[in-house]
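The values are calculated or read from the model by the stated rules, or taken from the named source; none is laboratory data. Please read all numbers here as calculations on a predicted model, not as lab measurements. Cβ placement follows ideal geometry from the backbone for every residue including glycine, while neighbour counts extend to all protein chains displayed. Remember, those area values only see protein heavy atoms, side chains included, never the ligands or the DNA or RNA. Shrake-Rupley method; radii C 1.70, N 1.55, O 1.52, S 1.80 Å.
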Amino acid sequence: MTTFNELGLSPELLQSINNMGFEEATPIQRDTIPTALKGTDLIGQAQTGTGKTAAFGIPLIEKMDTRSRFVQGIVLAPTRELAVQVAEELNKIGQFKGIKTLPIYGGQSIVRQIKALKNGPHIVVGTPGRVQDHINRKTLKLENVHTVVLDEADEMLNMGFVEDIEKILENVPTERHTMLFSATMPKQIQNLAAKFMKDVLLIKVKASEMTVKNIEQEYVEVKERQKFDALCRFMDIHSPELAIVFGRTKRRVDELSEALSKRGYSAEGIHGDLPQAKRDKVLRAFKNNTIEVLVATDVAARGLDISGVSHVYNFDIPQDPESYVHRIGRTGRAGKTGYALTFITPREIDHLYTIEKITKRKMVKRSIPSVSEAMEGQQQITLEKLMEVVEEDNFSGYKQTAVELLEENDSVTLLAAALKLLTKEPDTTPVNLTDEPPLSVKKRRPNNRFSDRRRSSGGKREGGGGRDRRSGFSKGDRSGSREGGSRSGGRDQSYRSQKRVREDFKNRG
Ligand code: ADP
Ligand code: MG
């Protein structure tokens, strides 16, 4: 274990870190902070949720000169949400040193941003498009920038931001310190690094160290049409505090969140097509626990720091193993144990094997719970709540009524009726859910689990099964429409099945 005291930080920074409640440095922080403080260009590669923001944020803020009124540091991030999140974290880290960080992103009034830029932030965190815009308007000058960070670089490349990044970097003095952070390390990132960084040090925290540690992983094989009832029953049994349900397409997310709401769950969906204001609202509601279930596409959820997620449900198996790791990284954060359940239709079993190979974890197979099991789960929850109230012992106002009721009825009948009243019974309200075709299989893999386990060891996540399927993505598309089925193959099938909208969703099994 490494404490922050051992990393050679100033008292102001140690005070902020302490204030933020961090007790020890995460592996990527332990490995990058001392190197970054020396000013060495570096690439930091570690899984989502491992604290990469502070890994660059701490040295970045240490290097800021409080007296300067110019922008000295710039961080590029792929989305508005991430820019805001990173800026919030940097402002916390910089609070005692007095370092101000400003997020700038598309969608917010440019006039407001220009005003804010005039106030002289030390650091700007921005999305590449908007940063470019300000550079062109000369409202953001980068000639005094000495430190540059590219955060979630893989995601920025996926979104087609390469050219913007290159243009922005041309505006920063070449005598600078550049850091790049990414969860994965595709070839293009290495190209980018070769072009814009000097004597780069690659600091990599092995995938196996944290991918799926302390996350309980299970899967269930279901027919497409059983998925929704199965999901409801699992949730009734698990009774998640905060859950994320992942769907493959935007339509899927819309339909699922509506269907869940119909069945009495407090659910909302987010995906790339929703107006920004709506997405913000949903995320806030989820963070404040006013909704319990967030339904999301990969793109909408990626990189977001949502803590306290107890359960992740992969309603649709993800497109590639890396997305799987990203998705389940939403749970089990900061030392808590998490839980992830993946639904697969019979034809998708090979995808599951691929994921197991990459994560080097075998998932436990579950069967679909029966209605009575779901019911039992809910009763158990009611019982626990009831016993809590019994222990609190402040219901004397109800005792007289209880005595009177018992004069007319027997206690078992009364208690059973009260339990029924308190219990959320399995709901079978009909819902509409369009069939999603199974993930296409490009290449059949041997049905032999772990047969070439050794080959996939040691963080080779970017190779192996991921690559061939990735080629189906449209890389240059930054509107995120790849959520909406830009997958190659299976198109005809998808059109056909879209027509078969289900009216009824009766219990099966
Ligand atoms: P990443 O960028 O690697 O996905 P983040 O930087 O978003 O991860 O960090 C994930 C969460 O972990 C955040 O809530 C962050 O505040 C928290 N965190 C970061 N470093 C530490 C630490 N050393 N101790 C405890 N929590 C931390
Ligand atoms: Mg991050």
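Please give the number of the condition L90 fails out of (1) within 28 Å of D320 (Cβ to Cβ); (2) within 16 Å of ligand 2 (Cβ to nearest atom).
(1)
Might you check whether a residue that is in contact with a strand residue (DSSP E or B) (Cβ under 6 Å, 6 or more places away or on another chain) and in a strand (DSSP E or B) occurs anywhere in region 225-240?
No; the residues of region 225-240 include none that is in contact with a strand residue (DSSP E or B) (Cβ under 6 Å, 6 or more places away or on another chain) and in a strand (DSSP E or B).
Suppose the filter is among the polar types (S, T, N, Q), within 12 Å of ligand 2 (Cβ to nearest atom), under 17 Å from I123 (Cα atoms) and touching a helix residue (DSSP H, G or I) at 6+ places or on another chain (Cβ under 9 Å); does T48 pass it?
Details: among the polar types (S, T, N, Q): yes; within 12 Å of ligand 2 (Cβ to nearest atom): yes; under 17 Å from I123 (Cα atoms): no; touching a helix residue (DSSP H, G or I) at 6+ places or on another chain (Cβ under 9 Å): yes.
Answer is no for this residue.
Mind listing just one residue for me: the one in region 67-84 that is within 13 Å of ligand 1 (Cβ to nearest atom) and open to solvent by less than 10 Å² (accessible area, probe 1.4 Å) and, of those, farthest from the chain's Cα centre (by Cα)?
V75
Hey, any hits in region 285-298 for a residue that's in contact with a strand residue (DSSP E or B) (Cβ under 8 Å, 6 or more places away or on another chain), charged (D, E, K, R) and within 16 Å of ligand 1 (Cβ to nearest atom)?
Checked region 285-298: at least one residue is in contact with a strand residue (DSSP E or B) (Cβ under 8 Å, 6 or more places away or on another chain), charged (D, E, K, R) and within 16 Å of ligand 1 (Cβ to nearest atom).
Within region 119-138, can you find the residues that are open to solvent by 40 Å² or more (accessible area, probe 1.4 Å) and over 18 Å from V162 (Cα atoms)?
Correct list: N119, R137, K138.
Return only the number of the condition from (1) out of contact with any Pro (no Cβ under 9 Å at 6 or more places or on another chain); (2) more than 16 Å from ligand 2 (Cβ to nearest atom) that K100 does not satisfy.
With respect to (1) out of contact with any Pro (no Cβ under 9 Å at 6 or more places or on another chain); (2) more than 16 Å from ligand 2 (Cβ to nearest atom), K100 is out only on (1).
Residues A153, A116, A87: which one is in contact with a strand residue (DSSP E or B) (Cβ under 6 Å, 6 or more places away or on another chain) and open to solvent by 20 Å² or more (accessible area, probe 1.4 Å)?
Answer to the check: A116.
Find the residue count for region 14-47, including only residues that are open to solvent by less than 30 Å² (accessible area, probe 1.4 Å), within 13 Å of ligand 1 (Cβ to nearest atom) and within 22 Å of Q95 (Cα to Cα).
Final tally of qualifying residues: 6.
Please go through region 169-206 and pick out each residue that is in a loop (DSSP other than H, G, I, E, B) and either out of contact with any helix residue (DSSP H, G or I) (no Cβ under 8 Å at 6 or more places or on another chain) or crowded, with 20+ Cβ neighbours inside 10 Å (or both).
V172, P173, T174, E175, R176, A183, T184, M197, K198, D199, V205, K206
I need the strands (runs of 3 or more DSSP E) fully contained in region 1-111, keeping only those with at least 3 residues that are touching a Lys or Arg at 6+ places or on another chain (Cβ under 9 Å). Steps first, answer last, please.
Working: elements: 42-45, 73-76, 101-104.
By residue number, 42-45.
For region 90-107: of the residues being of a type in the set (A, V, I, L, M) and either surrounded by fewer than 18 Cβ atoms within 10 Å (Cβ to Cβ) or within 13 Å of ligand 1 (Cβ to nearest atom) (or both), which is nearest to the chain's Cα centre (by Cα)?
L90
State which residue pairs qualify: first residue touching a residue at least 12 places away in the same chain (Cβ under 8 Å) and inside region 417-430, second residue assigned to a helix (DSSP H, G or I) and open to solvent by 70 Å² or more (accessible area, probe 1.4 Å) in any location, beta carbons under 6 Å apart, and separation of 6 or more residues or different chains.
T423/Q379; T429/K262
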